[in-house]
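Contents: one structure, followed by commentary.
The values are calculated or read from the model by the stated rules, or taken from the named source; none is laboratory data. Just so it is clear, the model here is predicted, and its values are computed rather than measured. Positions of Cβ are generated from backbone atoms using ideal geometry, with glycine treated the same way; all protein chains shown enter the neighbour counts. Heavy atoms of the whole protein, side chains included, go into the accessibility calculation; ligands, DNA and RNA do not. Shrake-Rupley method; radii C 1.70, N 1.55, O 1.52, S 1.80 Å.
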Amino acid sequence: MIKELKSYEKIEQYDTEVTASLADNYKTIIDNLGEDVTREGLEKTPERVAKAMQYLTHGYGLDPLEILQSAMFTEDHKQMIVVKDIEVYSMCEHHMLPFFGKAHVAYIPNGKIVGLSKIPRIVDAFARRMQVQERLTDQIKDCIQEALNPLGVAVVIEAQHMCMQMRGIQKQNSVTTTSSFTGAFEKDKTRKEFISLISNKFS
Ligand SMILES: [Zn+2]
């Protein structure tokens, strides 16, 4: 299993056994799809796909709760903290096709805050697995709630699903929005403030 990866380039430590086994399977898949796996362009494809897929699921090797707990600070601040437009790249577990978009995360601290860069990191740690958008939204919310015990957490994800756009009903521009709230965000006023903050375009 891959550990703690920060960028695509950095991964040199693929498990050789897993990579070989995956590559073998992809060879069969390519063959079953009617292609010639021995032709030049495809020769190294099974191994490349094996590595790409391990990267796309490297979240299994990360512990999101630990990521948050590693950078928590005591702080009196009691206002809403919003991190918006976090890039999300995940893979739908029903079709193993990508879904991607933006996550917007907010919380209202209750004595503890977390280093801001950790929020995108836990989004990524949960997204880099086989997922459904609904569960991804809840997992991010639950993780922040558990680590910080804040007055409330809000998570909104807007994503496009390749399994809808490239196959099936082929709705090219549909965006799926999911949201999950706890505590103070269950109140209309607070939730509206959050929605208006993430809707504002500053550019
Ligand atoms: Zn799907």
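Which residue, Leu56, Leu22, Leu68, has the most motion in a Gaussian network model of the chain that connects Cα atoms within less than 10 Å? Highest fluctuation among the options: Leu22.
Helix 188-199 and the long axis of the chain differ in direction by around 50°, with both axes built from C-alpha atoms. When you count the other C-beta atoms within 10 angstrom of each residue and take the mean per peptide, 83-96, 34-47 line up highest first as 83-96, 34-47.
Each helix, a run of at least 4 DSSP H residues, gives -39500 (n - 2.57); summed and divided by the residues of the chain, these come to -11500 deg cm²/dmol at 222 nm. Residues whose amide H lies under 5 Å from that of Leu151, counting only those 5 or more places away or on a different chain, are Ile108, Asn110; hydrogens are built 1.01 Å from N in the peptide plane.
Cross-link check: pairs Lys118/Lys192; Lys78/Lys189; Lys51/Lys141; Lys84/Lys187 evaluated at a Cα-Cα cut-off of 23 Å; pairs beyond the cut-off: Lys118/Lys192; Lys51/Lys141. Only protein heavy atoms count here; on that basis, with a 1.4 Å probe, Thr176 has an accessible area of about 50 Å².
For the chain, the longest principal axis of the C-alpha atoms and the axis of helix 16-32 are separated by about 70°. About its Cα centre, the dipole of the chain is roughly 800 debye, where the only charges are +1 on Lys and Arg Cβ and -1 on Asp and Glu Cβ. In region 70-199, Cα pairs under 8 Å separated by at least six residues give a relative contact order of 26 percent.
Give the carbon-plus-sulfur fraction of the accessible surface of the chain in %, rounded to a whole number; probe 1.4 Å, heavy atoms of protein chains only.
That fraction is 51 percent.
The angle separating the long axis of helix 133-148 from the principal Cα axis of greatest extent in the chain is about 50 degrees.
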